[in-house]
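Down below is the structure, laid out as structure tokens.
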Amino acid sequence: MTDATKTYFRQADTVLRWWFPEDPTHPLYPHFAEQLRWVLAQQDWRGQRVLDISTGKGRFAVNLAAQGADVTALDIAPQMLALAQQAADEHGVGVQFVQADAEQLPFADAAFDTVLCMEAIMHVPHPQRLVDEMARVTRPGGAVMLSMTNRWRINALGEAPGALYRRLGLAQRPSTPRYMWHYSVPQFTRFLRQAGLTVQRLHGQGLFQANARLWLSSDISIPLFPRWFADAFFAHVEPFLRETPLRQVMGTVMAVAYRH
């Protein structure tokens, strides 16, 4: 399963089928934009040696480089690295791109001031290996930033019928290898602590997500929340709730932790 998952991500035109955070028409575009804004606001990035793991199309790497960071960006997929390089060229920033496995980082111990891995831990077969590697290449006192899709998110309620259909054999199982794992907030923080990291901050996003759907049958679904409601709540109400206990059931949870 591990090799099959990694092979899937190395292939062209796999991730591109479902990952386009730069598209303003995407239901989660405000979510992706807010996530980027939050990361940029966490510290002064000027002069920081930064590693961006699973960079995808380079949205964090390019923006951090524009803030003055010395950025190395890593991904397992050559196609994504090519797109990230194109984005860096278009924005006129320098980023060093490396193709490698996030579970086996090709860098020396304590090589970076800040290491981040956004929207990717749920796609890694062995999450503890990833977090251990992130901690290893971060200097003592340096920061680690991660985000994960929450297993107990409210938005997953609409997926329960589909899971039942698959269990009963009423829906076709995916033809691709498994490439998504979900974790609870306690599991997420346990990965960090077991890697020798001290969690400083947890931040949630997406209590009611605009892309959440209720599956009425194996191939018919309707929005779980009206788009106008999800967008208005995200913009005007949720900002006051993102670091309250309600983050335990938000769609995405982000962490800032420090190496001992």
(message) Compute the angle between helix 227-236 and the longest alpha-carbon principal axis of the chain, please, reported from 0 to 90 degrees and rounded to the nearest 10.
(response) 40 degrees
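Quick one: which of 97-103, 118-124, 222-228 comes out on top by average Cβ neighbours within 10 Å, and what's the full order, highest first?
118-124, 97-103, 222-228
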(message) Only Cα pairs within less than 10 Å get springs; with that Gaussian network setup on the chain, which residue of 197, 83, 105 has the largest fluctuation?
(response) 83
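So how much slack lies between residue 29 and residue 67, counting 0.36 nm per residue of separation and subtracting their Cα-Cα distance, in nm?
11.5 nm
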(message) Residues of region 209-243 with the amide nitrogen closer than 20 Å to a label point 7 Å from the Cα of residue 160, along Cα-to-Cβ, please.
(response) 209-226
(request) For the chain, find the longest principal axis of its Cα atoms and tell me its angle to the long axis of helix 127-136, 0 to 90°, nearest 10. (result) 20 degrees
(request) Assuming R0 = 30 Å, can you tell me the calculated FRET efficiency for the pair residue 91 and residue 235, based on Cβ-Cβ distance, to the nearest 0.05? (result) 0.70
(request) Using amide H atoms built 1.01 Å from N in the peptide plane, name the residues 5+ places from residue 150, or on other chains, whose amide H lies under 5 Å from its own. (result) 252, 253
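Using the 2.2 N^0.38 Å rule of thumb for compact globular proteins, work out how region 1-153 stacks up: its C-alpha Rg over that value, please.
Ratio of Rg to 2.2 N^0.38 Å for region 1-153: 0.99.
Largest first and in whole Å, what are the equivalent-ellipsoid semi-axes of the chain based on the Cα gyration tensor, each being the root of 5 times an eigenvalue? Numbers along the way, then the final one.
Working: eigenvalues 168, 90, 73 Å².
Largest first, the chain gives 29, 21, 19 Å.
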(request) Compute the FRET efficiency between residue 221 and residue 12 as 1/(1 + (r/R0)^6), taking r as their Cβ-Cβ distance and R0 = 25 Å, and round to the nearest 0.05. (result) 0.30
(request) Would you grab the residues whose amide H sits under 5 Å from the one on residue 214? Only those 5+ places off in sequence or on another chain, please, with H modelled 1.01 Å from N. (result) 222, 224
(message) Spelling out what I want: for every residue of region 5-10, take phi, set θ = phi - 60°, compute 6.51 cos²θ - 1.76 cosθ + 1.60 (Karplus), and round to whole Hz; glycine and proline get x.
(response) 5, 5, 4, 4, 6, 6
(request) Assuming R0 = 35 Å, can you tell me the calculated FRET efficiency for the pair residue 22 and residue 260, based on Cβ-Cβ distance, to the nearest 0.05? (result) 0.45
(request) Please turn the phi angles of region 61-73 into ³J(HN,Hα) values with the Karplus equation 6.51 cos²θ - 1.76 cosθ + 1.60 (θ = phi - 60°), one per residue in order, whole Hz, x for glycine and proline. (result) 4, 5, 5, 5, 4, 5, 7, x, 7, 8, 9, 10, 10
(request) Provide the per-residue ³J(HN,Hα) series for region 120-125, in order, calculated from phi with Karplus coefficients 6.51, -1.76, 1.60 and θ = phi - 60°, each as a whole number of Hz, with x at glycine and proline positions. (result) 9, 4, 6, 9, 9, x
(message) Could you work out how much longer the chain between residue 248 and residue 44 gets when fully extended? Use 0.36 nm per residue separation minus the Cα distance between them, nm to one decimal.
(response) 70.6 nm
(request) Can you tell me the 0 to 90 degree angle between the C-alpha axis of helix 29-40 and the longest principal axis of the chain, rounded to 10? (result) 30 degrees
(message) To the nearest 20 Debye, how big is the dipole of the chain about its Cα centre, given +1 on the beta carbon of each Lys and Arg and -1 on that of each Asp and Glu?
(response) 800 debye
(request) Report the net charge of residues surrounding residue 210, where surrounding means a beta-carbon distance below 11 angstrom and charges are Lys +1, Arg +1, Asp -1, Glu -1. (result) +1
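Each reported figure results from applying straightforward, stated rules to the coordinates on display, with no laboratory input. Computed from a predicted structure; not experimentally measured. When we count neighbours, we look across all protein chains shown, and the Cβ atoms used for this are built from the backbone with ideal geometry, even at glycine.
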